[in-house]
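The values are calculated or read from the model by the stated rules, or taken from the named source; none is laboratory data. What you are looking at is a predicted structure, and each value in this text was computed from that prediction instead of being measured. For neighbour counting, all protein chains shown are included, and Cβ atoms are generated from backbone atoms with ideal geometry for every residue, glycine included. Ligands, DNA and RNA are excluded from the accessible area calculation, which covers all protein heavy atoms including side chains. Shrake-Rupley method; radii C 1.70, N 1.55, O 1.52, S 1.80 Å.
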Amino acid sequence: IRNYHLWAIIFDKFCKSKTYSQIKKYDSEISKCVKKEKINDFNQYGQMYQGKLAGKTLASYIHDKYYWTINEKQFIKLMKMIEPLFYGLIKMKQNNIIHNDIKYENIVLDKKKFKYIDFGFSAFLNDRKFFEVRSKQEFDTYRFYSTYPIEYLYFFQTKKDLNRELTELEQFDFRRGFENVNEFHSIYNRDIETFMKELIKKIMKDEKVNKKKLIQSIDVYSLGIIIPLSFIKLTENNLLLQKNKCIQDFYKLFGKMTELDYQKRISAEKSFQKFKYLLKKYKI
């Protein structure tokens, strides 16, 4: 994609991996990927560009900079730094690509701007089977992949699995990570417990689903939840506790990007348009 470097970093940059021993300090599972007799080869030729190996992630930046507090000026600076991510949504949509794994560990700082990395779960919009498989993988983990829409978790499952899920919900047996997702949506007074139950019932009744539109909205949802979720999970500083008009306006945009009903979720183009408007409105 022409000018991809404005919003993404791919495998032709920063591609030299850390050594096996350095990686193992924080990810012991590398031993499952690299056999003992191949460690020397890995150290010499290994290439990897993911998470901490890529540089400073959005997660570490927010945790380090804003753990206790943030003011309007700092918030606007942060918003300017993530502008390439909104532009990237449009470019991926124009090329029928879904990143499919936008989270704060997969966003890194590059020349004072945040950009996407790790396109390992990416696929073309028309590759429905890929998204079905990915959905089922996540469903089977018994967790909430917090940056995925709830619909993405449920729409591709069997009625038997959904019925089991509904039974567990009725017994208040929630997936791991439910608390964080629930806390985010409570910002917008959304009852996700009721939404999940009603959604499952609708799917089991074979209500029609525009899966193309749902898939196309995954990245918008993921980017929309990133900033609020970061402050919920990574800091002791919930931004909404500050009655700040600027922050509230950006949070309203994030709310439109993360509507529970994919039919109501705004598009990548409208997200970027509104984001640019807010940057201009609150320019420093």
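Structure above, values below:
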quantity: Two-site FRET efficiency, LYS243 against ILE90, from Cβ-Cβ distance with R₀ of 25 Å, rounded to 0.05; calculated: 0.20
quantity: At least 27 Å along the helix axis (C-alpha) and Kyte average at least -0.5, DSSP helices within the chain; calculated: none
quantity: The range 187-284 - charge dipole about Cα centre, Lys and Arg +1 at Cβ, Asp and Glu -1, debye rounded to 20; calculated: 460
quantity: Heavy-atom SASA rank of PHE86, PHE130 (probe 1.4 Å, accessible area, largest first); calculated: PHE130, PHE86
quantity: Net charge of Cβ neighbours under 13 Å - reference TRP7; Lys, Arg +1; Asp, Glu -1; calculated: +3
quantity: Convex hull per residue volume in Å³, alpha carbons only, for the range 75-164; calculated: 113
quantity: Cα gyration tensor, the range 20-150 - rounded (a/c under 1.5), prolate or oblate; calculated: oblate
quantity: LYS24-ARG176 FRET efficiency (beta carbon distance; Förster radius 30 Å; 0.05 resolution); calculated: 0.75
quantity: Accessible area of ASP41 in the full protein assembly, 1.4 Å probe (Å², nearest 10); calculated: 70
quantity: Dipole magnitude of the chain about its Cα centre (Cβ charges: Lys, Arg +1; Asp, Glu -1), debye to nearest 20; calculated: 1160
quantity: From the C-alpha gyration tensor of the chain, square roots of 5λ in Å; calculated: 29, 26, 19
quantity: Surface per residue (accessible, 1.4 Å probe) for the range 125-237, Å²; calculated: 47
quantity: Gyration tensor over alpha-carbon atoms, the range 116-179, equivalent ellipsoid semi-axes in Å; calculated: 24, 15, 8
quantity: Gyration tensor verdict on the range 68-217 (Cα atoms; rounded if a/c is under 1.5, prolate if a/b is larger than b/c, oblate otherwise); calculated: oblate
quantity: Potential lengthening between ASN163 and LYS77 on full extension [0.36 nm per residue; Cα-Cα distance subtracted]; calculated: 26.3 nm
quantity: Calculated log₁₀ intensity ratio I(q)/I(0) where the Debye formula runs over C-alpha points of the range 52-115, q = 0.12, 0.17, 0.18, 0.23 Å⁻¹; calculated: -0.34, -0.64, -0.71, -1.03
quantity: Helix-only mean residue ellipticity at 222 nm for the chain, each DSSP H run of n ≥ 4 adding -39500 (n - 2.57), per residue, nearest 500; calculated: -15000 deg cm²/dmol
quantity: For the range 199-277, the spread of Cα positions along each principal axis, largest first, Å; calculated: 44, 28, 18
quantity: Ordering of 221-231, 183-193, 147-157 by packing [mean C-beta count within 10 Å, highest first]; calculated: 221-231, 147-157, 183-193
